[in-house]
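*Asks:* Once you've had a glance at the structure underneath, I'll fire off some questions.
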């Protein structure tokens, strides 16, 4: 079973979180009062997790509405997307939804041209920042850009070694930086015009100290902070995180683990709440090919596509069978 815990000030709000994340098939396993708050432990059994997506409705608008509901897109955002799709409605729901997505979610890739300042990947622990760094460096190598990688994650066990494994394979210099001053020195080692990419320790955006430290690092080298977020998260939680990171100066989002998630309401919510542009998407664990520049047409296809219960992954992602991207 897939166990999840939900915390809220009251029972109504806690149940709303359960429904938004796990849907109407959730099984409530435990309810606990902690002070004035409510903690609910809920789960989905395997049959519910692997159940096929609903067959699309014949009516284009209904198909769009049905898909957005399945992906747990927030009701407010789903209404806006449906209304915008209706204004440009075509017989093909994918084209209509793509038009609505194009209006609300700009795409600004990181590697279509050589960045003029360092890129600093930020996000929650386990979002896939280090793997994303390696994929971005691989793209830079294909474009024959000089590149260096720097990690500011000198706390987590194995973080430096993981980066070293990637950079050795990619044959680029790698540096450690435990504070803004050493980060500045590391960036100064980069050849002129190099692609400079910086990994950071997982950040808790609810902690003002964590966010302040990220700003200090970015300010030290005039880096652009780019949010890395794994797909499949709670829509409400992801939207709040997107807004919090945006308040630190983040403008672009790299969604990861697209191949390992069934629902994309979280990444849409984060982009909407933070007014973030989509950069590359992490679509597989492969370093050389695991990043894709994805536009509105492909996002619409992902949202509308159905999958057989035997695979439970959309057709476009079936070959990407890893779980870390």
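The values are calculated or read from the model by the stated rules, or taken from the named source; none is laboratory data. Since this is a predicted model, take the numbers as computed values, not measurements. Quick reminder, even Gly has a Cβ in these numbers, built from the backbone with ideal geometry, and neighbours come from all protein chains shown.
*Asks:* Identify the single condition in (1) farther than 21 Å from residue 125 by Cβ; (2) in a helix (DSSP H, G or I); (3) modelled with pLDDT under 90 that residue 165 does not satisfy, given that it satisfies every other one.
*Replies:* Of everything listed in (1) farther than 21 Å from residue 125 by Cβ; (2) in a helix (DSSP H, G or I); (3) modelled with pLDDT under 90, residue 165 misses just condition (1).
*Asks:* On to the next question. Filtering the range 138-162 down to residues that are closer than 23 Å to residue 215 by Cα and assigned to a helix (DSSP H, G or I), which residue is modelled with the highest pLDDT?
*Replies:* Going through the qualifying residues, I end up with 160.
*Asks:* Under 25 Å from residue 241 (Cα atoms), buried (at least 17 other Cβ atoms within 10 Å of the Cβ) and either modelled with pLDDT under 90 or assigned by TED's automatic domain parsing to the domain that holds residue 243 (or both): does that describe residue 172? Before you say what the answer is, go through the steps one by one.
*Replies:* Values: under 25 Å from residue 241 (Cα atoms): no; buried (at least 17 other Cβ atoms within 10 Å of the Cβ): yes; either modelled with pLDDT under 90 or assigned by TED's automatic domain parsing to the domain that holds residue 243 (or both): yes.
No.
*Asks:* Search the range 247-263 for residues being surrounded by fewer than 24 Cβ atoms within 10 Å (Cβ to Cβ) and modelled with pLDDT under 95, and hand back the single one that is farthest from residue 105 (Cα to Cα).
*Replies:* For the range 247-263, the residue satisfying everything is 260.
*Asks:* Quick check on residue 323: is it at pLDDT below 90 and surrounded by fewer than 19 Cβ atoms within 10 Å (Cβ to Cβ)? Even if it seems obvious, please write down each step before you answer.
*Replies:* On the way: at pLDDT below 90: yes; surrounded by fewer than 19 Cβ atoms within 10 Å (Cβ to Cβ): yes.
Yes; evaluated as a whole, the condition is true for this residue.
*Asks:* For the range 185-207, enumerate the residues that are closer than 16 Å to residue 225 by Cβ and assigned to a helix (DSSP H, G or I).
*Replies:* Scanning the range 185-207 gives a single hit, 187.
*Asks:* Out of the range 230-267, which residues are more than 12 Å from the chain's Cα centre (by Cα) and in a loop (DSSP other than H, G, I, E, B)?
*Replies:* Listed by number, the residues that qualify are 247, 248, 249, 250, 251, 262.
*Asks:* Another question, if that's okay. Which pairs do you get when a residue that is in contact (Cβ under 8 Å) with a residue 60 or more places away in the chain, found in the range 15-39, comes within reach of a residue that is part of a loop (DSSP other than H, G, I, E, B), reach meaning Cβ atoms under 6 angstrom, with the pair 6+ apart or on two chains?
*Replies:* As it stands, the answer is 20/72; 21/234, since those pairs meet every condition given.
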